[in-house]
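The structure under discussion appears below in the form of structure tokens.
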């Protein structure tokens with residue numbers, strides 16, 4: 001029993017240390033305001049998210065959740081509800097963020113500067129596909145515990161806070177990240193299906209980032 005407790009503590013300690021190292025190294029480089037060094041933030045992101053996927057890949061092993069992709073009730077309906085929740089929270093953030101934090105810009109990670117097409121493509125793959133998978137594995141799969149309802153709520157809230165502190169730089173950015181993460185946490189708590197939240201997170205990332213990626217690639221091609 002004691003060994004199980006130590007193992008549980010260590011499983012929660014690793015993401016805290018890994019996340020702290022990522023945020024610290026990311027900000028040290030990004031705040032230097034040097035484009036040459038700022039480009040390194042892309043590789044920090046890639047290493048961080050790939051590390052999470054490697055450590056928590058067991059949550060992605062084929063299971064009854066994976067086989068439920070064709071089910072309207074267990075997959076598509078939760079996906080639709082989660083997506084609607086994300087859209088609602090985005091609207092709430094856009095409405096109240098500037099009021100609660102006047103003069104604060106909405107700055108979110110990832111921030112990265114690339115001046116070539118391969119770098120832009122790597123950024124796109126990292127942000128739109130690798131990051132959503134890693135985020136759900138870490139902030140939902142690794143953190144949320146189902147031993148009791150109270151523990152589930154507590155760990156879900158902890159995951160929200162960690163995600164907000166990881167991805168939000170300014171107060172408005174932290175608020176938006178936390179609000180948008182709520183539907184993902186609720187969906188995972190209700191369905192215990194990580195594939196639902198991963199699918200919606202990828203769609204969300206595509207909507208937010210794909211237009212800028214296309215613009216950057218066209219700009220680089222024409223320049």
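Brief remarks follow.
- Answer from 86, 92 - the residue that is within 22 Å of residue 134 (Cβ to Cβ), at pLDDT 90 or above, within 21 Å of the chain's Cα centre (by Cα) and assigned to a helix (DSSP H, G or I): 86
- Any hit, region 55-68, residues being assigned to a loop (DSSP other than H, G, I, E, B), modelled with pLDDT of 80 or more and surrounded by 17 or more Cβ atoms within 10 Å (Cβ to Cβ): yes
- Any chance residue 102 is under 26 Å from residue 214 (Cβ atoms), in a loop (DSSP other than H, G, I, E, B) and at pLDDT below 75: no
- Looking across region 22-40, just one residue is at pLDDT 75 or above and either over 19 Å from residue 134 (Cβ atoms) or in contact with a helix residue (DSSP H, G or I) (Cβ under 8 Å, 6 or more places away or on another chain) (or both), and that is 22.
- Single unsatisfied condition, residue 114 versus (1) in a helix (DSSP H, G or I); (2) modelled with pLDDT under 80: (1)
- The single residue among 160, 175, 165, 194 that is surrounded by 17 or more Cβ atoms within 10 Å (Cβ to Cβ), modelled with pLDDT under 90 and either within 18 Å of residue 15 (Cβ to Cβ) or within 16 Å of the chain's Cα centre (by Cα) (or both) turns out to be 175.
- Number of residues in region 197-213 that are more than 15 Å from residue 126 (Cα to Cα) and surrounded by fewer than 15 Cβ atoms within 10 Å (Cβ to Cβ): the value is 1.
The values are calculated or read from the model by the stated rules, or taken from the named source; none is laboratory data. Just so it is clear, the model here is predicted, and its values are computed rather than measured. So basically every Cβ, Gly included, is an ideal-geometry build from the backbone, and we count neighbours across all protein chains shown.
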